[in-house]
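The values are calculated or read from the model by the stated rules, or taken from the named source; none is laboratory data. Being a predicted model, the structure only gives us computed values, none of them experimental. Backbone-built Cβ (ideal geometry, glycine too); neighbour counts: all protein chains shown.
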Amino acid sequence: MDRNLSIINNFQKKDYNSYPFPYFTIDKPYDDKIYSQLEKDYNLFVSYFQKKEDFKKSNIRLQISSVEFFESNLFKNSIWYDFISYHSSKEFFLKIVDIFYDDIQKIYPSVMNLINENKNKQNFIGLRNKEKNDNFFFVSDCQPGINTPVTDRSTVRDSHIDNPVELIAGLFYLRFPNDNSIGGDLEIMENIKKKEIKFHNKAEVYNKNDLSVFKKIKYKKNNVIFFLNTINSIHRISPRENGLIPRNLTNIIFETYYIKEKLFKINYKKNFFKTLKNKFRFWLLFETQKFYPLASFFFSIIKYFIIFSHHRLEF
């Protein structure tokens, strides 16, 4: 594990903000020498994704998890092996927690207690794995990925919040020099009207007109943002066009499945017709069960007469 590869080595307090949600950015977290190696070896991932059928689809996210990464022999001699080893480690998690400490203590005091009380336990943190997530207090994932080339102007995702099991997320951008696309920036959103935000679908904001762009994090080489995931951590990716080159990004996340009620509750907008449909379905099920004995007896009588009539005809 190479600590010199830590993406937060150049963090300064001036990079940190608590509004509209806790986040920080670092422009050029790596010197030219290290970044050049990271960029060069990122072609391994692009080649890996180009072999997938979904690469032909326009502007979708493709990524490889830490578990998949370590199971493959394709990347073992790459600088990314050390990068992912370190950024999914307990050491890095605790360092990133230190940066967000005050805001975690303020927003999630129970999470801070969970960290302080269990950080020396063997099952404190592990790699995110659907079948083993419940075995750890926290899980990590470092996922090199791309957004596929764009055929029509589109956004990967509009204003949304992340999964409420996620505590901290980071995005490291590695834009290739020959990428002449427009857009693809991460935009931090602010609730300017201070109205209650409603969500729909996959935690996308329903009342988007109540939001405004607070800050734009440019999609450019050697640029990173980390944020604390809260109910207010609304962000989006600006529409992208003329994107013949993949949009390169590595996602670093830390989650907890130990807290069963999750970190926050998403306020989904109620769909009138869906609610009505579910109520009708429940009523139909109830009525069917209520009259099932009578209906069963009635159909038994009919069945008896059919069989009796059949035998009489044969006779």
Looking only at the range 132-154, which residues are closer than 24 Å to Thr250 by Cβ and charged (D, E, K, R)? Lys132, Asp141
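Go over the candidates Leu44, Leu94 one by one and state the one that is without any contact (Cβ under 8 Å) to a residue 40 or more places away in the chain and either closer than 29 Å to Phe124 by Cβ or in contact with a strand residue (DSSP E or B) (Cβ under 8 Å, 6 or more places away or on another chain) (or both).
On inspection, the qualifying residue turns out to be Leu94.
Quick check on my filter: what residues within the range 42-66 are more than 21 Å from Ile245 (Cα to Cα) and surrounded by fewer than 16 Cβ atoms within 10 Å (Cβ to Cβ)?
Just the residues of the range 42-66 that are more than 21 Å from Ile245 (Cα to Cα), to begin with: 65-66.
Listed by number, the list is empty, since nothing qualifies.
On the given criteria, is Ile34 surrounded by 15 or more Cβ atoms within 10 Å (Cβ to Cβ), touching a helix residue (DSSP H, G or I) at 6+ places or on another chain (Cβ under 8 Å) and not in a helix (DSSP H, G or I)?
Here the answer is no, as Ile34 does not meet what is asked.
Looking at Asn242, Asn251, which one is modelled with pLDDT of 95 or more and in the same structural domain as Phe124 (by TED's automatic domain parsing)?
Working: Asn242 fails: modelled with pLDDT of 95 or more.
Unique residue meeting the criteria: Asn251.
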Return the total of residues in the range 144-156 being surrounded by fewer than 22 Cβ atoms within 10 Å (Cβ to Cβ) and either part of a strand (DSSP E or B) or of a type outside the set (A, V, I, L, M) (or both). 8
Taking the range 157-187 and keeping residues under 17 Å from Pro144 (Cα atoms) and assigned to a loop (DSSP other than H, G, I, E, B) leaves Leu174, Arg175, Phe176, Gly184
Inside the range 57-91, the number of residues satisfying the requirement of being hydroxyl-bearing (Ser, Thr, Tyr) and not in a loop (DSSP other than H, G, I, E, B) is 4
Selection within the range 243-260 - surrounded by 22 or more Cβ atoms within 10 Å (Cβ to Cβ) and out of contact with any Leu (no Cβ under 9 Å at 6 or more places or on another chain): Gly243, Arg247
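Do we have Glu166 as acidic (Asp, Glu), modelled with pLDDT of 95 or more and in contact with a His (Cβ under 7 Å, 6 or more places away or on another chain) here?
Working: acidic (Asp, Glu): yes; modelled with pLDDT of 95 or more: yes; in contact with a His (Cβ under 7 Å, 6 or more places away or on another chain): no.
Judged against the criteria, Glu166 is not a match.
Specify the residue that is surrounded by the most Cβ atoms within 10 Å (Cβ to Cβ); the eligible residues are those in the range 1-31 that are of a type in the set (Ser, Thr, Tyr) and under 24 Å from the mean Cα position of the chain (by Cα). Let's see the steps before the verdict.
Applying the first criterion (of a type in the set (Ser, Thr, Tyr)) to the range 1-31 yields 6, 16, 18-19, 23, 25, 30.
From the residues that got through so far, the ones that are under 24 Å from the mean Cα position of the chain (by Cα) too are 6, 16, 18-19, 23, 25.
Numbers: Ser6: 20, Tyr16: 16, Ser18: 14, Tyr19: 10, Tyr23: 24, Thr25: 20.
So, considering only residues that are of a type in the set (Ser, Thr, Tyr) and under 24 Å from the mean Cα position of the chain (by Cα), the one surrounded by the most Cβ atoms within 10 Å (Cβ to Cβ) is Tyr23.
Here are some residues: Asn232, Asn267. Which one is outside the structural domain of Thr25 (by TED's automatic domain parsing) and among the polar types (S, T, N, Q)?
Just one listed residue meets the conditions, Asn267.
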Among (1) closer than 30 Å to Tyr258 by Cβ; (2) at pLDDT 95 or above, the one test that Glu131 misses: (2)
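For the structure I just gave you, tell me whether Val139 is surrounded by 21 or more Cβ atoms within 10 Å (Cβ to Cβ) and part of a loop (DSSP other than H, G, I, E, B).
no
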Residue selected from the range 2-12 under the condition modelled with pLDDT of 95 or more and not aliphatic (A, V, I, L, M), by the criterion farthest from Leu171 (Cα to Cα): Gln12
With the requirement that a residue be crowded, with 17+ Cβ neighbours inside 10 Å, out of contact with any helix residue (DSSP H, G or I) (no Cβ under 7 Å at 6 or more places or on another chain) and over 11 Å from Tyr258 (Cβ atoms), what does the range 104-127 give you? Ile107, Tyr108
